[in-house]
Amino acid sequence: MIPCAPVQWRQPAPEPPRQAPAPAPAAAPGYAARLKPSRAGWITLPQWCVWVEPGSDDRWDRRWREAVEAALGEWADHIELQRVSAAEDAHLRLWRRRPPLRDGRASNGRAYLRLQQVKRQGISSPRLEPQVEVLLSPGLRRQVLQSTALHELGHGFGLWGHSDDSRDVMAASQGASPPLELSERDQRTLQWLLKQPSAVPAARPEQASEQTEAPAPAPPSARTAD
Ligand SMILES: [Zn+2]
């Protein structure tokens, strides 16, 4: 498997079926029952290729990077991550910018998901991949910055929903002292998610069919969460 091989082209994925996939059963571990699958299904990968927007050496950029690195370090204990230096090759891209207002409301971070048909070097067939954009505001105090990065990365890695317990990194709203580590509930929820069939099958370099030209574009399927 060469999951972070250079991308040769990307196209919006075809629209998924109209019928929404089933959510988790009420008895699922942690807060899994509060998660919502995308219209194509659960979005998980055996390995995520991650790109972080480089910044200058000033103290604000450095502080942002340190918080992001700490959050990625925490996720790396639970998810297989590979850093890439080219934004184009990433499944998930982390940008140092404030999310635009939505319904007149500001937020510290936001994650966007699109599904794309992606052709990578050395993998003969194009396949469905997530492309996640995470926007993380630079103007936050350190703990909030790190906690927001943890939360938005959680959406990016497939936890599309919110916990009702402020001790979880995926809590809908942060308490006075936001968590900097995945709680036991976060971990149980993630473990459940990772066992579900993924809408984006892993790369298989041995696939025989060769397709070098991009297929006709189709409307994207998208979702967003703060
Ligand atoms: Zn959220």
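Laboratory data are not the source of any read-out in this text; all were calculated from the coordinates shown. Fair warning: this is a prediction, and the values are worked out from it, not measured in the lab. Virtual Cβ from ideal backbone geometry, glycine too; neighbours counted across all protein chains shown.
Between 0 and 90 degrees, the angle of helix 184-194 with respect to the longest Cα principal axis of the chain falls at about 10 degrees. Across the chain, Cα-Cα pairs more than 29 Å apart make up 26 percent of the total.
Can you tally the net charge around Ser107? Count Lys and Arg as +1, Asp and Glu as -1, for every other residue whose Cβ sits under 13 Å from the Cβ of Ser107.
Surrounding charge for Ser107 is +2.
Of Gly30, Ala225, Leu94, which is farthest along the charge dipole of the chain in the positive direction, counting Lys and Arg as +1 and Asp and Glu as -1 at C-beta? Final value for the positive-end residue is Ala225.
Taking 0.36 nm per residue of separation and subtracting the Cα-Cα distance, full extension of the segment from Ala106 to Asp77 would add 7.4 nm.
Counting only helical runs of four or more DSSP H residues, what would the 222 nm mean residue ellipticity of the chain come to if each run contributes -39,500 (n - 2.57) and the total is spread over all its residues? Could you put the intermediate results ahead of the total?
Working: 3 runs with 44 residues, N = 226.
After summing the helix terms and dividing by the residues of the chain, the value is -6500 deg cm²/dmol.
For the chain, the longest principal axis of the C-alpha atoms and the axis of helix 142-156 are separated by about 30°.
Computed from the C-beta positions of Asp165 and Ala26 and an R0 of 22 Å, the FRET efficiency is 0.85 to the nearest 0.05. I need the P(r) histogram for the stretch 5-103: all alpha carbon pairs, bin width 5 Å from 0 out to the longest distance, whole percents. It works out to 2, 9, 13, 16, 18, 19, 14, 6, 2, 1, in whole percents.
Over all directions, what mean area does the Cα convex hull of the stretch 70-160 project, stated in square nanometres? Each step should come with its number before you reach the end.
On the way: hull surface 27.6 nm².
For the stretch 70-160, the mean projected area of the Cα convex hull comes to 6.9 nm².
So which GluC sites (Glu not before Pro) in the stretch 128-192 are both in a DSSP loop and have at most 16 other Cβ atoms within 10 Å of their Cβ? Intermediate results must be reported in sequence, preceding the final value.
Working: sites: Glu133, Glu152, Glu181, Glu184; in loops: Glu181.
Sparse-neighbourhood loop GluC sites (Glu not before Pro): Glu181.
Nothing charged except the Cβ atoms of Lys and Arg (+1) and of Asp and Glu (-1): what's the magnitude of the dipole of the stretch 98-141 about its Cα centre? Round to the nearest 20 debye.
Values: 9 positive and 3 negative charges, 12 e Å.
With Lys and Arg at +1 and Asp and Glu at -1, about 60 debye.
Fewest-first ordering of Lys119, Lys195 by other beta carbons within 10 Å of each residue's beta carbon gives Lys195, Lys119. Here the gap between Glu69 and Gln174, fully extended at 0.36 nm per residue and compared with their Cα-Cα distance, gives a gain of 35.8 nm. Relative contact order, whole percent, for the chain stands at 31, derived from Cα pairs under 8 Å and 6 or more residues apart.
Mind checking the stretch 25-131 for GluC sites (Glu not before Pro) that DSSP puts in a loop (not H, G, I, E or B) and that have at most 13 other Cβ atoms within 10 Å? Could the numbers behind the result be given before it?
Working: sites: Glu66, Glu69, Glu74, Glu80, Glu88; in loops: Glu80.
Hits after loop and neighbour filter: Glu80.
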